[in-house]
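Engineer: Just passing along the structure, written as structure tokens.
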Amino acid sequence: MGFRCSILYFRESSKTAILDAAGFTESTTEDSYNEEQFSGASINESSYLIWQNWRKGSLSEPDYIRISNDISLLACDVCETTMFCSTSFFRGGKQVWSVAHNPEYGLDHVSLTGDVPDTITATVTTLREEAKISQEGVDDVDFYFEVPVELFRTISGVRHDLVNSFSFYALEFKQAAPKKRFWKLWR
């Protein structure tokens with residue numbers, strides 16, 4: 001079946017600021033296998049991850065844009081069932097750049113959009129060359145899928161399919177304050 005998830009990576013911000021911007025609170029329930037709808041992990045004092053399972057999750061690009069109004073983030077969206085993946089950077093309420101692989105556009109498809117920094121372009125070029133070499137003579141494996149995934153790992157140190165040394169905890173949406181009914185002003 002494969003992974004179908006999104007990982008949001010936040011750097012140089014406090015966990016409290018990140019969770020506030022994303023609208024979550026962290027519970028005390030450990031989520032060792034990322035089976036909850038959302039879970040979060042502190043990598044260090046100033047880096048934090050939010051993991052979302054697609055089968056249960058509800059965050060998408062408009063949410064990434066909203067969150068990035070307050071805090072920059074790097075998002076890795078992975079769907080191993082279709083072999084689609086992308087890594088995108090959001091800052092200031094917009095998507096700054098994206099690197100994506102969609103096999104529907106060809107096995108060797110890798111697109112770069114937006115204002116991609118030269119260092120990212122160079123990394124992607126190297127990853128594409130490695131994928132091309134690995135792909136030669138192999139029809140049943142999609143090595144270009146690795147390009148956005150490895151780019152995310154290069155920046156964040158995290159890969160969706162590797163065991164990490166930090167602990168994830170279930171995240172819960174913050175509860176909105178109940179609305180007062182206009183006919184019961186005393187409540």
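Engineer: Just to check, using Stokes-Einstein with a Kirkwood Rh over alpha carbon pairs, what's the diffusion coefficient of the chain at 4 °C and 1.567 mPa s in µm²/s?
Structural biologist: 73 µm²/s
Engineer: Which whole-number percentage describes the relative contact order of segment 107-164, with Cα contacts under 8 Å and a sequence gap of 6 or more?
Structural biologist: This gives 32 percent for segment 107-164.
Engineer: Going highest first, how would you order 15-26, 119-130 by mean Cβ packing within 10 Å?
Structural biologist: Ranked from most to least packed, the peptides come out as 15-26, 119-130.
Engineer: A follow-up question, please. Taking a probe of 1.4 angstrom, what is the accessible area of Glu136 in Å², to the nearest 10?
Structural biologist: 130 Å²
Engineer: I've got another one for you. Just grab the label-to-label distance for Glu130 and Tyr33, each label 7 Å out from Cα along the Cβ direction, in nm (one decimal).
Structural biologist: 2.9 nm
Engineer: Using the heavy atoms of the protein chains alone and a 1.4 angstrom probe, what is the accessible area of segment 60-187 per residue in square angstrom?
Structural biologist: In whole numbers, segment 60-187 has 60 Å² accessible per residue.
Engineer: To the nearest 10 square angstrom, what accessible area does Phe84 show with a 1.4 Å probe?
Structural biologist: 60 Å²
Engineer: Now a separate question. Given R₀ = 22 Å, FRET efficiency for Ser165-Arg55 by Cβ-Cβ distance, to 0.05?
Structural biologist: 0.30
Engineer: Mean residue ellipticity at 222 nm from the helices of the chain, using -39,500 (n - 2.57) per DSSP H segment of n ≥ 4 over the full residue count, to the nearest 500 deg cm²/dmol?
Structural biologist: On the way: 4 runs with 44 residues, N = 187.
Taking each H run of at least 4 residues, the total per residue is -7000 deg cm²/dmol.
Engineer: Percent of accessible area on the chain owned by carbon and sulfur, 1.4 Å probe?
Structural biologist: Solvent-exposed carbon and sulfur of the chain make up 50 percent of the total.
Engineer: Mind checking Rg over Rh on segment 76-117, alpha carbons, Kirkwood formula for Rh?
Structural biologist: 1.02
The values are calculated or read from the model by the stated rules, or taken from the named source; none is laboratory data. These numbers come from a predicted model, not from an experiment. Ideal geometry is used to build each Cβ from the backbone, glycine not excepted, and the neighbour counts take in all protein chains shown. Each accessible area value is taken on the protein alone, full model and side chains, heavy atoms only, with ligands, DNA and RNA left out. Shrake-Rupley method; radii C 1.70, N 1.55, O 1.52, S 1.80 Å.
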